[in-house]
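Asks: Can you read through this structure? Questions will come right after.
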Amino acid sequence: MATPTPTPPVVPKPPANQPLPAYIVPTLPSKLPHKGWFIAAAIVSIPTYFWYDDRQKAEAIKQEYLAKVKFLAEKPLEDGHLGGVRTCTVYASRWPGEEEGKAAAWWKRYVKPYLVAAAVDYTLPSLPEYTSLSEHLANKYRTIRSTSSSVPFQPRTPTQLSPEQLIQRELDGGVMIIGRHTLKEYLDGLKKGWFEDRPDESWIDKLDRSIYEDPALKDQEGSSSSLPEVPEASSKPPSSLFSPLGPPRSTSPIAVQTPTSAELPPLQPAPSMLPPLPPTILIPYHPELGFSSIPRSILSFFNTRADVKMGAEAAMAFILQEPSRDFQGPTNELVELGKEQGGDLDFDLEDGEWRVPGNFEKTPKQVEERMKTYYEGLPPKLKAVWELRKGTREPTDAEQRHPPFSLEEYLEGQIKRERRAKGDLAGYELLKKNSPLTWDDRFNAKWKVWDWDHKSNKGASVFS
């Protein structure tokens, strides 16, 4: 009898609506998350979208304008590698109440890339303090006025340019002025350099030097500001040639060698009119400082494309266009604080003045307190110097590793601090809110400016 063939077992088919395994698609909860999760997701995602969209548009604007000037970098120079390079001098001074270098950092981020792409050389002087630009220009033009410029030029290297060639290259290039505050210092420096004499440095000789006397001899009758005779220092070898741990350098009255007016080259008489200057382009700069500017700071964080476009437009005007008009002087003779002067002196008047923070008005008081603290802390340091010079005590380990300054070096530091205090006070008077710009009738608009619409991006919206 034949054996029956076994029938394979029937495997039931899974239903069509059976979910996939949990390791492929996790099972969703039976109810939606709490509404707080949706609120949190919206708070994070909406600002993130605006930030991402702004950066994408800013990068697109940057690449669009870079493509317009890249062809200039591929052009061969007319005079070989020693000539034909267009230059740009950038002045970005310190904004009132702001940390140093912020205006220069803004220029490097929003304007510099286009100059680099177009192979334009630039010079960016360091202007760390108030009136640094004013003093820089004043010293520069006084040097030109001095009779030392008549000495025949002898180049040290074959590629070194003469002063006349440097001036001509500067005239062929241009100057970028970042912000209304920089324009104030620029005009002030022009007037000081071309039409005024050297500043009076007699205040250095009038400084009170009695604080440098030996404290042990101050109460004695007939003491003077000269360094008294002191014995040799301790037997330990001095750790530095200029250290007070060694023998005193001199017993004469301490003094800092500063050149007098008779020692400096005489200045030629001030010109009747301002000599030709490089063409200038004025670029607004609006930092957000203070508690009241927090809302604007938040909006500007999501609207960097406005700064990108303004910097690109300024660079395009400088690179591709020619200066179209003369610098326009004031039209109003009597000027009060906060009033319009007319012409290019009203550059960025609306936004450049009211953005000066209120705490900048405290500058005179802050300078006074700073100098008071400095002079209060100076006697203990000078006492330690005298003790080491006279050998009344042994230097500590810290003094051996880092020898304290000498009396002469302390005097040099005092002069530097006094000079900085005077510069801060002068900067306050020059840059305070609603202060008028410096002008002289002898300027007579002797330089050209680029006429570009820097207000076109003023109303750019975050939602555009």
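The values are calculated or read from the model by the stated rules, or taken from the named source; none is laboratory data. Here the structure is a predicted model, which is why all the values come from computation and not from measurement. Cβ sites come from the backbone with ideal geometry, for glycine too, and all protein chains shown count toward neighbours. What goes into the accessible areas is simple: the full protein's heavy atoms, side chains included, and nothing from ligands, DNA or RNA. Shrake-Rupley method; radii C 1.70, N 1.55, O 1.52, S 1.80 Å.
Asks: Fully extended, how many nm does the chain gain between Asn139 and Asp200 (0.36 nm per residue separation, minus their Cα-Cα distance)? Can you show the working numbers first?
Replies: Numbers: separation 61, 0.36 × 61 = 21.96 nm, distance 1.37 nm.
My answer for the length gained is 20.6 nm.
Asks: Taking the Kirkwood radius as the inverse of the mean 1/r across Cα pairs, report the Rg/Rh of region 349-464.
Replies: Here the Rg-to-Rh quotient is 1.24.
Asks: Per-residue HN-Hα couplings for region 317-330, Karplus 6.51 cos²θ - 1.76 cosθ + 1.60 at θ = phi - 60°, whole Hz, x for Gly and Pro?
Replies: 5, 5, 7, 9, 10, 10, x, 9, 8, 7, 5, 8, x, x
Asks: Now a separate question. Can you tell me the order of 122-129, 395-402 when each peptide is scored by its average per-residue count of other Cβ atoms within 10 angstrom, highest first?
Replies: With the highest mean Cβ count within 10 Å placed first, the list reads 122-129, 395-402.
Asks: Shifting gears a bit: Which residues' amide hydrogens lie under 5 Å from the amide hydrogen of Ser93, considering only partners 5 or more residues apart or on another chain, with H built in the peptide plane?
Replies: For Ser93, whose amide H was placed from the backbone, the distant partners under 5 Å are Ile178, Thr182.
Asks: Relative contact order for region 298-396: what is it in percent, counting Cα pairs under 8 Å that are at least 6 residues apart?
Replies: 12 percent
Asks: Another question about this same structure. For a quick check: with amide H placed at 1.01 Å from N, whose amide H comes under 5 Å from Thr280's, ignoring anything fewer than 5 positions away on the same chain?
Replies: Counting only residues 5 or more places away or on other chains, the set is Val175, Lys448, Val449, Trp450.
Asks: Quick one, what does Rg over Rh come out to for region 267-382 if you take C-alpha atoms and the Kirkwood Rh?
Replies: Details: Rg = 21.3 Å, Rh = 19.2 Å.
My calculation puts Rg/Rh at 1.10.
Asks: Once you wrap a convex hull around the alpha carbon atoms of region 345-405, what is its projected area averaged over all directions, in nm²?
Replies: The number I arrive at for region 345-405 is 7.6 nm².
Asks: Apply the Karplus parameterisation 6.51 cos²θ - 1.76 cosθ + 1.60, with θ equal to phi minus 60°, to every residue of region 351-365 and state each ³J(HN,Hα) to the nearest whole Hz, in sequence, with x for glycine and proline.
Replies: Couplings: 8, x, 9, 6, 7, 5, x, x, 5, 5, 5, 8, 4, x, 5 Hz.
Asks: Please give, to one decimal in nm, the separation of the simple spin-label points placed at Arg296 and Lys381, each 7 Å out from Cα toward the Cβ.
Replies: That separation, rounded to one decimal, is 3.9 nm.
Asks: So, counting K/R as plus one and D/E as minus one, what does the shell of residues with Cβ under 14 Å around Pro113 add up to?
Replies: Charge balance in the 14 Å sphere: +3.
Asks: Please work out the average accessible area per residue across region 345-464, using the 1.4 Å probe convention, and give it in Å².
Replies: So region 345-464 comes to 55 Å² accessible per residue, rounded to a whole number.
Asks: In region 288-369, carbon and sulfur make up what percent of the accessible area (probe 1.4 Å)?
Replies: 52 percent
Asks: Okay, next question. Could you tell me which of the pairs Lys309/Lys362; Lys57/Lys432; Lys108/Lys372; Lys108/Lys184; Lys68/Lys455 are separated by over 27 angstrom between their Cα atoms in the structure shown? Display every interim value, and only then the final one.
Replies: Details: Lys309/Lys362 35 Å; Lys57/Lys432 36 Å; Lys108/Lys372 38 Å; Lys108/Lys184 21 Å; Lys68/Lys455 22 Å.
Pairs exceeding 27 Å: Lys309/Lys362; Lys57/Lys432; Lys108/Lys372.
Asks: Can you give the direction-averaged projected area of the convex hull of the alpha-carbon atoms in region 387-445, in nm²?
Replies: Details: hull surface 32.0 nm².
Over all viewing directions, region 387-445 projects a mean Cα-hull area of 8.0 nm².
Asks: Another question, then. Quantify, in whole percent, the carbon and sulfur part of the accessible surface of region 38-79 (1.4 Å probe; protein heavy atoms only). Numbers along the way, then the final one.
Replies: Working: 2070 of 3200 Å².
Carbon plus sulfur share of accessible area: 65 percent.
Asks: May I pose another question? Cross-link candidates for Lys390: which lysines have Cα within less than 26 Å, leaving aside residues fewer than 8 places away along the same chain?
Replies: Lys218, Lys236, Lys381
Asks: Given +1 on the Cβ of Lys and Arg, -1 on the Cβ of Asp and Glu, and no further charges, what dipole in debye does region 290-442 carry about its Cα centre, rounded to the nearest 20?
Replies: 940 debye
Asks: What FRET efficiency, computed as 1/(1 + (r/R0)^6) with R0 = 25 Å and r the Cβ-Cβ distance, is obtained for Glu418 and Gln268, rounded to the nearest 0.05? Display every interim value, and only then the final one.
Replies: Working: r = 30 Å, r/R0 = 1.20.
It comes out at approximately 0.25.
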